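Engineer: I'd like to ask you about the structure that follows.
The values are calculated or read from the model by the stated rules, or taken from the named source; none is laboratory data. These numbers come from a predicted model, not from an experiment. Cβ coordinates were reconstructed from backbone atoms using ideal geometry, including for glycine residues, and neighbour counts include every protein chain displayed. Each accessible area value is taken on the protein alone, full model and side chains, heavy atoms only, with ligands, DNA and RNA left out. Shrake-Rupley method; radii C 1.70, N 1.55, O 1.52, S 1.80 Å.
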Amino acid sequence: MPGLEDLYREIILDHYRNPRNRGELAAPPAQRVEGYNPLCGDEIVVYLLVSDGEVNDVKITGQGCSISQSSASMMSAAVKGKTVDEARALIRAFKGMMSIHESRLEGEGDDAADQLLEEVKLGDLEALQGVVKFPVRIKCATLSWNTLAQGLDQAASA
Amino acid sequence: MAMTPATLDVAAIKKDFPILDVEVHGGRLVYLDSASSSQKPQHVLDVMNEVYETTYANVHRGVYAIAEEATARMEAARAKVARFIGAPAPRELIFGKNVTEMINLVAHSWGRRNLHEGDVVLLTMMEHHANIVPWLMLREERGIELRWLDFDDDYQLDLSDLEQKLDGVKLVGLSAMSNVLGTLNPVRQIADAAHASGALVLVDAAQYVPHNATNVMELGVDFFGFTGHKLLGPTGVGCLWARAELLEAMPPFLGGGEMITDVRIDGFEPTELPWKFEAGTPPIAEIIGLGAAVDYLEHLGMDRVREHERELTAYALRTLTERHGDGIVIQGPKDPGDRGGVISFSYRGIHPHDVSQVLDERGICVRASHHCAKPLMRRLGVGATCRASIYVYNDAADIDALSDALAYTGEFFLGNTER
């Protein structure tokens, strides 16, 4: 049976206590996207400044548990300064790591996710891998990433 | 079960619930989530098994011995549950799947016949989604107006302007006991005021019936919904009581077998109460199981159940505030006499999901969420809370385990200062 230390790794607690890129951006020009976790009432707002195919700035507000907040914090640090294509690859790779359940529901093969995980460096984000052992918490970890994906779509159509 | 007249013998009761022997993470199970769903005594499990092993057949159909026996036992359970809530006649008690379905039944069947554009439904700010969303759906469909009764600083409904609020109201929908705050609402007082201004009253009693001696006639209400799985019975049985003349004037809800006297290719005739509202094969063994749960509770005595829970709630409120001080914020009435054994709290700013996750390591089951009451959570200004809720099988040791584990949770996330 997985223990708490599998879930609450030190780096996760660090991002929870000291969240990176916390705050707001003027929208417009930034994209503002809200995400909700209907299970626990967590809310997140992602602000995204995209120009010339690059994610120039990311800010996060909202409230949530340590898993959703640290995942959002790590995400903001990981995608800031990346190209939109790199950010999308990161989203796919992260969701691949989390999506033991989700991707199967959506009919994507595990091979594609495994390949992405090899190609994209997740770095600190791999600390969140333990969340997969706590299925109820997967949605906490993926909330900010789904919201980011919406923001990138919104920026593309703006 | 030996017991003194005033209290329950919880040590003996615990032995009646096999699940309480289960080990979780190497320790004993501390179940504090009965407001979500209660555990089941061996007696209920045995009765349901015995039905399947000896008399199971579909009801109201077969002309053979076991079908007649199954029918008789299901209808005997209906009579038992009706008597348990003080209903004058078993035919006024409708079975469905859960209390959510029963409130939807009222909204569809009574609501669509009686509510028109501009008519008002008055709800409270402490309703469960089950008593909000069906009315929001009717608002979208019919253009009815929803109005809201707020509550005060001690989490009691604010009735100071009830008469004005009732102006133009056709139906008042209220929870008899809040599933988040634990508040016991003054149902009789509100029902009298509603009737005086010509409104009917629907009560969501999902949290009330399992914990209080209930008499629908004394409460003076019109529609009264509750659910079996929170009162030691199996899942899959919701109950609606309403006065026969109301039910008779209402069109059926779901259509199908069982609920008709005649079907032609150009029409149908609904059958009599209660089956008019019970389309399709009902959960037969589960209804009989609910009857067994009622037997078990009546054996304990509902007055003693209430007294036990009032005492244990008082102990919990005292223990948690004395030990954790400002670190714990409890959302609910302060006086245990005004509330049931549902204790919603926030602990030292730690997210309820995280609190619940660490409590789980100690085998403690609490609910961490918005408790299907998002308008209430917004009103309280929180996204979610932890909720510990008690029943007949809980004792002071369970509360002590919760209190100790909260201190451990604080150390885990915030370091080893007690406050």
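Engineer: Confirm whether A:Glu24 is assigned to a loop (DSSP other than H, G, I, E, B), acidic (Asp, Glu) and open to solvent by 10 Å² or more (accessible area, probe 1.4 Å).
Structural biologist: yes
Engineer: I've got another one for you. Could you please tell me which pairs satisfy a Cβ distance under 8 Å, a separation of 6+ or placement on different chains, a first residue in region B:375-391 that is at the interface with another protein chain (Cβ under 9 Å from one of its Cβ atoms) and more than 21 Å from B:Glu311 (Cα to Cα), and a second residue that is open to solvent by 40 Å² or more (accessible area, probe 1.4 Å) and modelled with pLDDT under 95?
Structural biologist: The qualifying pairs are B:Gly383/A:Glu43; B:Gly383/A:Gln63.
Engineer: Hey, another quick one. Output the qualifying pairs, or none if there are none: Cβ atoms under 8 angstrom, residues six or more apart or on different chains, first residue in region A:65-84 and within 18 Å of A:Ile138 (Cβ to Cβ) and within 14 Å of another protein chain (Cβ to nearest Cβ), second residue among the small types (Gly, Ala, Ser) and surrounded by 24 or more Cβ atoms within 10 Å (Cβ to Cβ).
Structural biologist: A:Ile67/A:Ala141; A:Ser68/A:Ala141; A:Ser68/A:Ser144; A:Ser71/A:Ala141; A:Ser71/A:Ser144; A:Ala72/A:Gly64; A:Ala72/A:Ser144
Engineer: Considering region B:231-265 alone, what residues qualify as being part of a loop (DSSP other than H, G, I, E, B) and among the basic types (Lys, Arg)?
Structural biologist: Selection gives B:Arg243 alone.
Engineer: Which of the numbered conditions does B:Ile19 fail, given that it passes all the others? Conditions: (1) within 28 Å of B:Leu402 (Cα to Cα); (2) assigned to a loop (DSSP other than H, G, I, E, B); (3) under 22 Å from the mean Cα position of the chain (by Cα).
Structural biologist: (2)
Engineer: Okay, moving on. Which residue, of B:Asp222, B:Asp192, B:Asp204, is closer than 21 Å to B:Lys374 by Cα and of a type outside the set (S, T, N, Q)?
Structural biologist: The match here is B:Asp204.
Engineer: Further question: Look through region B:208-230, keep the residues that are in contact (Cβ under 8 Å) with a residue 60 or more places away in the chain and in a helix (DSSP H, G or I), and return whichever of them is surrounded by the most Cβ atoms within 10 Å (Cβ to Cβ).
Structural biologist: B:Gly228
Here's the yes/no breakdown for (1) touching a residue at least 24 places away in the same chain (Cβ under 8 Å); (2) surrounded by 14 or more Cβ atoms within 10 Å (Cβ to Cβ); (3) in the same structural domain as B:Gly341 (by TED's automatic domain parsing):
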residue	(1), (2), (3)
B:Val22	no, no, yes
B:Thr54	no, no, no
B:His60	yes, yes, no
B:Ala67	no, yes, no
B:Arg83	no, yes, no
B:Gly86	yes, yes, no
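Engineer: Then there is this: Considering only region A:30-64, state which residues are within 14 Å of chain B (Cβ to nearest Cβ) and surrounded by fewer than 21 Cβ atoms within 10 Å (Cβ to Cβ).
Structural biologist: Across region A:30-64, the qualifying residues are A:Glu34, A:Tyr36, A:Pro38, A:Leu39, A:Glu43, A:Val45, A:Thr61, A:Gly62, A:Gln63.
Engineer: Of all residues being aromatic (Phe, Trp, Tyr) and not in a helix (DSSP H, G or I) in region B:22-60, which is nearest to A:Glu5 (Cα to Cα)? Just the residue, please.
Structural biologist: Ranking the candidates gives B:Tyr31 first.
Engineer: Got a sec? Which of B:Leu93, B:Leu29 is in contact (Cβ under 8 Å) with a residue 40 or more places away in the chain, in the same structural domain as B:Gly173 (by TED's automatic domain parsing) and open to solvent by less than 30 Å² (accessible area, probe 1.4 Å)?
Structural biologist: Selected residue: B:Leu93, the only one of B:Leu93, B:Leu29 that is in contact (Cβ under 8 Å) with a residue 40 or more places away in the chain, in the same structural domain as B:Gly173 (by TED's automatic domain parsing) and open to solvent by less than 30 Å² (accessible area, probe 1.4 Å).
Engineer: Could you list, in sequence order, the residues of region B:363-375 that are at pLDDT 95 or above and out of contact with any Cys (no Cβ under 9 Å at 6 or more places or on another chain)?
Structural biologist: Matches in region B:363-375: B:Gly363, B:Ile364, B:Cys365.
Engineer: Without any contact (Cβ under 8 Å) to a residue 24 or more places away in the chain and not hydroxyl-bearing (Ser, Thr, Tyr), is that true of B:Glu245?
Structural biologist: Judged against the criteria, B:Glu245 is a match.
Engineer: Still on this structure, please answer the following. If a residue has to be at the interface with chain B (Cβ under 10 Å from one of its Cβ atoms) and open to solvent by 80 Å² or more (accessible area, probe 1.4 Å) to count, how many in region A:6-21 make the cut?
Structural biologist: Qualifying residue count for the region: 1.
Engineer: Now, a different point. With region B:107-207 as the region, which strands (runs of 3 or more DSSP E) entirely inside it contain at least 1 residues that are assigned by TED's automatic domain parsing to the domain that holds B:Leu246 and of a type in the set (Lys, Arg)?
Structural biologist: By residue number, B:145-149, B:169-175.
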